[in-house]
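All remarks here apply to the structure that follows.
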Amino acid sequence: MIFTAAAWIALLLVGGGFALDRVLKTAITQNFDDQLEYVLQSLLLTSEVAPGDEVVFNREPADQRFLEPGSGAYWQVSARGREAFSSRSLWDRQLAYGRVHDDRDVHVYDSAQFAEEKLRVAERDVTLPGSPTKWRFQVAQSREALNEQIAVLRRTLVRSFALLALGLIILSALQTLYGLWPLRKVRDEIARMRAGASNRIGSAMPDEVAPMVDELNALIEHNERQAEEARRHAGNLAHALKTPLTVIMNAATAGADDLAETVEREATTMRRQVDHHLARARAVGRRGSAHSRAEVWPSLESVERAVGRLYRHVRIDVDGPRDLQVHVERQDLDEMLGNLIENAAKYGGGSVFTTVGAQAGFVEFLVEDDGPGIPAEERGRIFDRGARLDTGKPGTGLGLAIVRDVAEIYGGTVGLEESEDLGGLLVRLRLPAAI
């Protein structure tokens with residue numbers, strides 16, 4: 001940031017200084033030329049034609065430099081084929097005649113005709129009354145004074161702009177260091193967290209940095225929750241697999257006659273537990289994506305077709321808006337809806353009605369069936385892993401537990417009620433709406 005600011009300051013000051021130098025140089029040169037033109041005009045006003053067609057002045061120029069040889073100020077009156085009439089300051093030198101001017105304007109130019117002295121020359125061709133000759137009046141002055149003024153100007157500009165650039169760069173550096181100083185505090189706090197001295201950034205920060213610190217603390221808290229969830233799930237899975245493995249090992253060690261049946265039964269239990277924890281792990285991993293979203297209606301239609309092929313005797317109806325979206329991954333939405341609608345088809349009496357609608361930032365799913373329902377005192381226990389009220393039908397007892405766990409991971413809820421229309425069970429699933 002300091003380097004970029006310094007580069008821009010230098011670039012702008014160089015450009016501004018160059019432009020200002022051109023303007024001031026032009027102004028100084030114009031002032032110098034105006035003085036030359038003033039002297040030239042004085043010569044024209046005081047000039048006369050003497051007998052013999054020669055030019056004389058009725059009043060000598062007032063500048064004493066014209067009388068001092070090599071003084072740097074000169075004038076000359078000349079014509080083609082005529083001897084030049086010049087100031088004493090020219091001594092034995094003459095100003096070059098140059099090309100003929102057919103206009104009445106004053107022409108100003110630089111001349112290098114004297115090797116030891118650069119000149120600025122103003123000249124004009126005129127025809128005086130009573131003379132057929134076109135005379136050239138020339139006034140010249142050494143550029144030394146002009147060049148010195150320009151040099152002083154440039155030294156002043158360079159020093160002033162260099163001082164200004166230095167001041168601006170120092171100010172920019174101080175502003176940058178002061179503005180970014182809170183980030184050093186953030187770095188120190190993060191180093192303290194890495195060293196185990198703290199688990200949050202607790203120091204007071206300026207308003208510009210405080211939102212970033214809050215988000216960083218929230219990220220740390222989120223990661224801690226995910227790590228704790230991962231440890232808890234790993235412990236739960238290990239505990240859930242420990243008992244079936246112990247049963248299998250005991251049966252194998254004892255050489256039990258029903259070893260095959262025991263292995264098959266306990267392997268089914270272990271697979272059920274693994275599927276449950278894998279579903280939770282997938283949902284936890286996907287929850288970190290802020291862009292997770294799924295369209296509700298395609299998911300409902302897909303689940304309806306799949307369940308309809310499994311339970312052809314069941315009538316499944318779906319109703320609600322078709323443009324709703326939820327902040328859930330499509331695979332997890334399919335899994336939750338699949339479990340709910342399949343349970344309704346499996347344990348109902350042949351009719352399943354699913355309604356979807358938007359409500360206060362959530363999308364609400366109502367899955368109703370015409371089965372016997374679940375008593376109110378049993379509705380809390382049915383969410384436990386492996387809990388089943390009807391053991392006469394195949395299943396793992398994990399469907400509602402998976403729905404509850406995945407819904408809570410995404411910030412949703414699931415509850416059981418009695419269906420007023422169909423008389424069976426009503427499952428109310430609420431998931432965050434995606435706008």
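The values are calculated or read from the model by the stated rules, or taken from the named source; none is laboratory data. Since the model is a prediction, treat every value here as computed from it, not as a measurement. As a convention, Cβ positions derive from the backbone with ideal geometry for all residues, glycine included, and neighbour counts pool all protein chains shown.
Could you go through segment 16-28 and let me know if any residue there is in contact with a Pro (Cβ under 9 Å, 6 or more places away or on another chain) and surrounded by 15 or more Cβ atoms within 10 Å (Cβ to Cβ). Within segment 16-28, none of the residues are in contact with a Pro (Cβ under 9 Å, 6 or more places away or on another chain) and surrounded by 15 or more Cβ atoms within 10 Å (Cβ to Cβ).
Candidates Glu264, Glu228, Glu208, Glu215: the one that is assigned to a loop (DSSP other than H, G, I, E, B) and either free of Cβ contacts under 8 Å to residues at least 12 places away in the same chain or surrounded by fewer than 10 Cβ atoms within 10 Å (Cβ to Cβ) (or both) is Glu208.
The set of residues in segment 36-53 being free of Cβ contacts under 8 Å to residues at least 60 places away in the same chain and loosely packed, with under 15 Cβ neighbours inside 10 Å consists of Tyr38, Leu45, Thr46, Ala50, Pro51, Gly52. All conditions but one from (1) surrounded by fewer than 21 Cβ atoms within 10 Å (Cβ to Cβ); (2) over 20 Å from Ala401 (Cβ atoms); (3) touching a strand residue (DSSP E or B) at 6+ places or on another chain (Cβ under 7 Å); (4) not hydrophobic (A, V, I, L, M, F, W, C) apply to Arg379; the one that does not is (2). Restricting Val307, Val318, Val328 to residues that are assigned by TED's automatic domain parsing to the domain that holds Val406 and out of contact with any Ser or Thr (no Cβ under 9 Å at 6 or more places or on another chain) narrows the list to Val307.
Residue-by-condition table, conditions (1) out of contact with any helix residue (DSSP H, G or I) (no Cβ under 7 Å at 6 or more places or on another chain); (2) modelled with pLDDT of 90 or more; (3) not in a strand (DSSP E or B):
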{"position": "Leu278", "(1), (2), (3)": "yes, no, yes"}
{"position": "Ala281", "(1), (2), (3)": "no, no, yes"}
{"position": "Ala290", "(1), (2), (3)": "yes, no, yes"}
{"position": "Glu335", "(1), (2), (3)": "no, no, yes"}
{"position": "Leu340", "(1), (2), (3)": "no, yes, yes"}
{"position": "Ala358", "(1), (2), (3)": "yes, yes, no"}
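Put simply, of Leu416, Leu366 the only residue that is assigned to a strand (DSSP E or B), under 30 Å from Leu241 (Cα atoms) and at pLDDT 85 or above is Leu416. Of the residues Val108, Val126, Val121, Val100, the single one that is β-branched (Val, Ile, Thr) and modelled with pLDDT under 85 is Val100. Inside segment 118-134, residues that are more than 60 Å from the chain's Cα centre (by Cα) and surrounded by fewer than 20 Cβ atoms within 10 Å (Cβ to Cβ) make up a count of 10. If you go through segment 356-365 and keep only what is surrounded by 20 or more Cβ atoms within 10 Å (Cβ to Cβ) and either over 17 Å from Val328 (Cβ atoms) or of a type in the set (A, V, I, L, M) (or both), you end up with Val356, Val363.
Given the condition farther than 30 Å from Leu13 by Cβ and among the hydrophobic types (A, V, I, L, M, F, W, C), answer yes or no: does some residue in segment 165-184 qualify? Checked against the condition, which is being farther than 30 Å from Leu13 by Cβ and among the hydrophobic types (A, V, I, L, M, F, W, C), segment 165-184 yields no hits at all.
I'd like the full set of residues that are without any contact (Cβ under 8 Å) to a residue 60 or more places away in the chain and of a type in the set (Ser, Thr, Tyr), limited to segment 130-186. Within segment 130-186, Thr156, Ser160, Tyr178 meet the criteria.
Restricted to segment 80-89, and to residues there that are touching a helix residue (DSSP H, G or I) at 6+ places or on another chain (Cβ under 9 Å) and farther than 12 Å from Phe137 by Cα, the residue that is surrounded by the most Cβ atoms within 10 Å (Cβ to Cβ) is Ser89.
Number of residues in segment 239-260 that are under 53 Å from the mean Cα position of the chain (by Cα) and exposed (fewer than 12 other Cβ atoms within 10 Å of the Cβ) equals 2. Summed over segment 54-69, residues that are without any contact (Cβ under 8 Å) to a residue 40 or more places away in the chain and either surrounded by 13 or more Cβ atoms within 10 Å (Cβ to Cβ) or of a type in the set (A, V, I, L, M, F, W, C) (or both) total 10. Identify the residue in segment 55-79 that is hydrophobic (A, V, I, L, M, F, W, C) and in a helix (DSSP H, G or I) and, among all such residues, is farthest from Leu119 (Cα to Cα). Looking at residues that are hydrophobic (A, V, I, L, M, F, W, C) and in a helix (DSSP H, G or I), I get Leu67.
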